[in-house]
Each structure stands twice: as C-alpha cells, then as structure tokens.
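Engineer: Structure provided below as structure tokens; questions to follow.
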C-alpha cells in the first residue's frame, strides 16, 4: 500500500508540472490579445478592406453574377426567324486553316492599290479545267426530221409527251433522253492559245453520259492532257444513257459549223481570254467517234459545213455504216489523216471500207507503228482479248486517243500542234 501511495504521488506531481507548462504560454497570449490594437496598423488594414470591398462591389455591378456569366439562351438564339436560315457548313470549314504568307513588297508581282502596276501582272499557273456548258447548237434537243426516213424524229406521242421509236423498236422519250444540251469542255493546264493548237471533238457511244463515262470511265479529258498536245476537248452529250446513235442537230446542213462557232465563244470565256475566240474559231479539228458515235461523225463530215477544218478522223470500233461518207472525206482531204481501229464486231465493214479506198487508189496501212502523216490512212485490227466496252482506254494500246495525239503532234508536216514539254509525251513517242 505504501508503494502504491508513492507511485500515485509521483504521477500527480508530474501532472501538475505539465499543466503549469501548458498554461504559461496561453496566459501570455491572452495578455497580448487584451491590449488595444496599434492605431497605425488599424488604419492600414481598414484602407485595404475598403479597397477590396469597393472592387468586389464594382465586379458585381459590372455583371459578374452567375446569371450574368451564364445567361439563359433565348428562343431567337436557338431557332432562326422566318426570314433567316441556318448557315450551312462544310467539313472544310472545320479543318485547320493554313496561314497565307504575304509576299514582301520586293517580291510582289504587282502593287494592289496602284492604278498602273509597276511590274506586269504574272498569272499563276492554272490547273486543268474541265466543265459542262449548255449550248444551243449541241445535238439535242432536236425537233427536226430523221434524214434516214425524212419523217419527224420525234415520232411517238403519249398525251403531252413526245418520243422517238428507235430502229430496235424501243421508245425513248424526249424529256429523258434527248433534252440534255450540255457539252463537256476540257482545257489542259499546258494549253496555250497563242501557239498552233487543235480542237478534239469526241462523239461518245450508246448508253453513255458525259460525267460517268466520257470523263470518269473512259478518261477522255485525261488522255488529252497526258498526250502533251496543245489541244482542247469538246464532247457533246448525245442520247442520254440510251442504246441510240441519233445525231440530232448534227444531221442538219451546217449543224457542225454552228456548233464549232458557238464553242469558240464558250472556250474563250472558259479560258478567261475573250480575245481568243477568233483563234478557236479557226483552229484545226480532229473528230473522234466511238461506237455509236460513228453517225454524228459521218454526218458532220458530209453536211457539217467545215469539213476543210477537219484535219483528222479517228474511229474506235465505230464503222457500223456510212462507209460512203467516210470514203468521200478521205478521198477529198488528202492533207488529213484517218484512223480506224476495230474488233470482230465491226471487222466486216472496216474491211469493206478498206476495199473501197484501195479501189480509189488510196494506200492503206494496217498498223499504228509508224508516225501519222498528211494523207495517212490506217486500219488496226485488235485481238479477241480487247472488249468493246473498254475500247476507249484499251485498243491497240492503252489510251489510244493519247497515242494518236502524240503521233500527230510529233509530225511537223501536219503543222497542227506543238507538244508541251512533258515527260509523258516524250516517253510515248
């Protein structure tokens, strides 16, 4: 028991020492807090508080509340009025915009605000230009007669609707098949109207449209460009996507002449040089007819009114008839050239045309290995592996139209075109 009392007393003594140690600092702090604050310090603190409060009140007054920061959208901000519409955006609007570097005054080709440029304006190189132009003198619409029967071309009526019954007996309606007056125009990047040039006129075959077939599948504009020839392309829409070879306005005397005259004005506008219309109006012509395109080709040569401007004719598996018209043009235009490539589908008629020409004393070649010269008459038979559908891109060679233009341009005696300085043209010779 005595030991327990001794231990308990020791613990109580230690506890009193600990309490005294803790209370002494606290007493000193309380004594300090009881003193009056320093007047100078109080003044400084009051001035600071006034500035903070004033700034806070100014922010609140200037619109810094929650409602001011996040206003509720109004109806007019979400939906357009009757006189407004939403701005239509394209994906390109959201792509990163590339910064345009402005040329320095020393490098600028012209002075923007000057009435008289100090340095002649230099037009930047342009890309190939391919466009569709509606022309009054194009093949269709056509409301005349069919020269084969001297009867109206639109020989079927159903209510207010008019149509044409083809040789196969099928009826094609005017508003669907014979109402497209557009012409595919193509001007290569390297074309220079100031140099000798040529206009290529392409008559497509049956079941074709200008965009889907002439441009995208048969690659006719691309072949003209890749040839490097100083040439432009015209391709009128014939019967739209139909098994019909009707020539429309090209049946009419002078129809082809009117077409080329109107084309000269359009080409001048398309190329951006109105003064070039005269050059286009006198430029030599090469007609290319594929498949059913033989009919407008033949009639353009026979009654078109400008057969002397035609310096070359190219038929791609296209001699289905009208041999007398082709033979007549070849015989009377010995300064031009004639090329006919054929498959088994037209072999009989091509051989008949060859026989007609030989009887007239006109020499005929049967390969495309040599150059094209004035008076060249060439017939090329292609093998069984070559299909009629792909003939514009694969005949005796790939891209046969390109091959013809390259060979034509490489012959100085033709004096039709100057070949652009392109590697593709040079490698094809």
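The numbers here are math on the coordinates, done by the rules we state, and not lab data. No experiment lies behind these values; they were computed from the predicted model shown. Here Cβ is always computed from backbone atoms with ideal geometry, including for glycine, and neighbour counts include all displayed protein chains.
Engineer: Which value in Å is the Kirkwood Rh of the stretch 148-260 over different Cα pairs?
Structural biologist: Across the stretch 148-260, the inverse of the average 1/r is 15.8 Å.
Engineer: Starting from one equal scatterer on each C-alpha and no solvent at all, send me the Debye-based log10 I(q)/I(0) for the stretch 326-400 at q = 0.22 Å⁻¹, two decimals.
Structural biologist: Debye curve over Cα of the stretch 326-400, log10 I(q)/I(0) at q = 0.22 Å⁻¹: -1.02.
Engineer: Moving on. Sorted by packing (mean other beta-carbon atoms within 10 Å per residue), highest first, where do 331-337, 240-246, 131-137 land?
Structural biologist: 240-246, 331-337, 131-137
Engineer: Contour minus end-to-end for residue 352 and residue 366, with contour as 0.36 nm per residue of separation and end-to-end as the Cα-Cα distance? Write down the numbers at each step before the final one.
Structural biologist: Details: separation 14, 0.36 × 14 = 5.04 nm, distance 1.39 nm.
Length difference between fully extended and current span is 3.7 nm.
Engineer: Residue separation times 0.36 nm, minus the C-alpha to C-alpha distance between residue 145 and residue 278: what's the value?
Structural biologist: On the way: separation 133, 0.36 × 133 = 47.88 nm, distance 3.24 nm.
Net length gain for the segment: 44.6 nm.
Engineer: Take the Cβ-Cβ distance between residue 389 and residue 156 as r, set R0 to 35 Å, and report the resulting FRET efficiency rounded to the nearest 0.05. Numbers along the way, then the final one.
Structural biologist: Numbers: r = 29 Å, r/R0 = 0.83.
Given R0 = 35 Å and the Cβ-Cβ separation, E is 0.75.
Engineer: Turning to a different aspect of this structure: I need the per residue convex hull volume for the stretch 178-228, using only the alpha carbons, in cubic angstrom as a whole number.
Structural biologist: Taking the convex hull of the Cα positions in the stretch 178-228, it is 94 Å³ per residue.
Engineer: Order the peptides 301-309, 161-169 from the highest to the lowest mean number of other Cβ atoms within 10 Å of their residues.
Structural biologist: Final packing ranking: 301-309, 161-169.
Engineer: Mean 1/r over all different Cα pairs, inverted: what Kirkwood radius does the stretch 197-334 give, in Å?
Structural biologist: For the stretch 197-334, the Kirkwood estimate is 15.2 Å.
Engineer: Further question on the same structure: Fewest Cβ neighbours within 10 Å first, please rank 198, 288, 314 accordingly.
Structural biologist: 198, 314, 288
Engineer: Related question: Reported to two decimal places, what Rg/Rh ratio describes the stretch 152-214 when computed on Cα atoms with Rh from the Kirkwood expression?
Structural biologist: 1.16
Engineer: Which value results when the Cα radius of gyration for the stretch 294-365 is divided by 2.2 N^0.38 Å?
Structural biologist: 1.02
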